[in-house]
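Written below as structure tokens is the structure these notes are about.
Rule-based calculations on the coordinates, nothing more; no lab input. Remember, it's a predicted structure, so these values are computed and weren't measured experimentally. Neighbour counts are summed over all protein chains in view; Cβ atoms, including those assigned to glycine, are modelled from backbone coordinates with ideal geometry.
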Amino acid sequence: MQMVVDSLRTKGKIYKKMQEVSPKELGIRNKIRIYKATDIQGYFSAIFAISQKSRILMKDVHKMQEIYGKLTLYCDHNFKHKVIFIDAPLCSKAKLAFKETGWRVY
């Protein structure tokens, strides 16, 4: 969590409340860290952190969209910002798809 907070702080984003959501609570089996954060203005952000060895492909983009849908149902509200931290090689088509669906990719 500290790595995510430090990275966001260097980008100029400061959150007053950050809560981790377990993937088991959403009913998924992926190795992913999910955070629900509130910034200073009161907007909610969904923050995903992915760390894997294999390349992120288009199928992973669709999987992240499904996880985001489950997160909105679990938290019972939509998020203003969607941020994803990827510590893996990223396919150019997948990066474009993330940006088109409203994700900020770091």
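Under a model in which nothing but the beta-carbon of Lys, Arg (+1) and Asp, Glu (-1) is charged, the chain shows a dipole of about 220 debye around its Cα centre. Applying 1/(1 + (r/R0)^6) with r as the Cβ-Cβ distance of Tyr74 and Ile40 and R0 = 25 angstrom yields a FRET efficiency of 0.55.
Below 14 angstrom from the Cβ of Glu25, what's the summed charge of the other residues (Lys, Arg +1; Asp, Glu -1)?
So the environment of Glu25 carries a net charge of +3.
Simple spin-label estimate for Arg104 and Met18 gives 1.3 nm between the two label positions (7 Å along the Cα-to-Cβ direction from each Cα). For Val105, the shell of other residues with beta-carbons less than 9 Å away shows a net charge of +3, using +1 for Lys and Arg and -1 for Asp and Glu.
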